[in-house]
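For reference, the structure is listed below as structure tokens.
Values in this text are rule-based calculations from the coordinates and carry no lab data. Note that the coordinates shown come from a computational prediction; the quantities given were computed from them, not determined experimentally. Cβ: placed from backbone, ideal geometry, glycine included. Neighbour counts: every protein chain shown.
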Amino acid sequence: MGDIAFLLIIFFVICSQFKEVNINPPRSLDAVNLKSRPKITVEIDAKGNIYFQGLQVPNAEAIEWGVRSLLEGKTTEKFKMVMFRCDRSVGKDTFEPVIEAIAKGGGLIAAVGEKPKEGGK
Amino acid sequence: MALRKRRGKKDIPTIPVNSFADIAFLLIIFFIIATKLIQNTGVIADIPAGEKSESQADKTTTVQLHDNKITFNAEDIDIPALRQQLMKLDLHKKIGDNKVILLEATGEVNYQTYFDVMSTISAAGGVITIVREDEGK
């Protein structure tokens, strides 16, 4: 019994470890708790690499197609959410096409940001 | 008859394993709860996918970002003042095209500033439409 329990724990711990793209999120006073955890994620790291569902993609068009295909058939707002995580230092030439691509693909953007820490931004 | 436990040379002392299963279950529950506690904070930005006609550009409220400086309706502004101005417009009560705020970014704009503006507009109830400089939307 103990052996089975340990094997189960190890299985779940390993399964839940996923490669997270390291970003420094921007800070804003208006950040609220995002209630649902969207299933679709688009990330841009400090170097400008774009990741869709954890895998690197070459450009924003790939994002549009990816979002469009994953959102096919979804009607409610809850299922159309796309989590957008972007490093705060990324320039507009990188993130603007990606934001537009998500919007064109029909996704509702949940942009991740932090509340400013005590003592200023 | 009393049974005496024989302590021979072959008797190996064992660790009592009865409580291992309990510890295992506690660990599982701990990891399940710990992963649920990772909260995400952020802003939900309403950005429509459709193309808007050029005629709207004159009448619609515009926020311009140039080299990380914010301009609202042709006057320079900072984030708290922008929030006040947008709140004055009472966008929550408006519908459809009256909620649209054009967001135009030119020059060197980093995501921090863009995010600040996006979250301010979204918090005020505005629908963001992105204006791209090359397409001249």
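Overview of results
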read-out: Net charge, A:Lys74 excluded, C-beta distance under 14 Å - Lys, Arg +1, Asp, Glu -1; value: +2
read-out: At R0 = 22 Å, FRET efficiency that the Cβ-Cβ distance of B:Ala74 and B:Asp97 yields, to 0.05; value: 0.60
read-out: Antiparallel bridges, percent of DSSP beta bridges restricted to chain A (to nearest 5); value: 40 percent
read-out: Exercise: per-residue mean of other protein chain Cβ atoms within 10 Å, B:24-34; value: 3
read-out: Nonlocal amide H pairs with B:Thr106, under 5 Å, H built at 1.01 Å; value: B:Leu65, B:His66, B:Asp67
read-out: For B:Thr61, residues with placed amide H under 5 Å, excluding near neighbours; value: B:Leu102
read-out: Ranked A:Cys15, A:Cys86, criterion: other C-beta atoms within 10 Å, fewest first; value: A:Cys15, A:Cys86
read-out: Cα pair distances of the protein assembly as shown binned at 10 Å [whole percent]; value: 6, 25, 29, 16, 8, 6, 4, 3, 2, 1, 0
read-out: Inter-chain shielding of B:115-128 (mean C-beta neighbours from other protein chains, 10 Å cut-off); value: 4
read-out: Length added when fully stretched, A:Asp93-A:Lys74, from 0.36 nm per residue minus Cα-Cα; value: 3.9 nm
read-out: Flagged links, alpha-carbon separation over 27 Å, of A:Lys39/A:Lys104; A:Lys78/A:Lys115; A:Lys117/B:Lys93; A:Lys78/B:Lys99; value: A:Lys117/B:Lys93
read-out: Relative exposure of B:Ile79, B:Ile47, judged by other C-beta atoms within 10 Å (fewest first); value: B:Ile79, B:Ile47
read-out: Potential extension, B:Gln84-B:Phe30 segment - 0.36 nm per residue separation minus Cα distance; value: 15.0 nm
read-out: Ranking of A:Val112, A:Val98 by count of other Cβ atoms within 10 Å, fewest first; value: A:Val112, A:Val98
read-out: DSSP bridge pairs, the protein assembly as shown: antiparallel proportion in percent, nearest 5; value: 50 percent
read-out: Average other protein chain Cβ within 10 Å of Cβ, residues A:74-84; value: 1
read-out: Cα radius of gyration and Dmax for region A:1-91 (Å); value: 16.9, 55
read-out: Phi to ³J(HN,Hα) by Karplus 6.51 cos²θ - 1.76 cosθ + 1.60 over region A:26-37, Hz, x for Gly, Pro; value: x, 10, 8, 5, 8, 5, 10, 5, 6, 5, 9, 9
read-out: 13 Å beta-carbon shell around B:Thr71, net charge (K/R +1, D/E -1); value: -4
read-out: Distant-in-sequence amide H partners of B:Asp46 (H built 1.01 Å from N, under 5 Å); value: B:Ile128
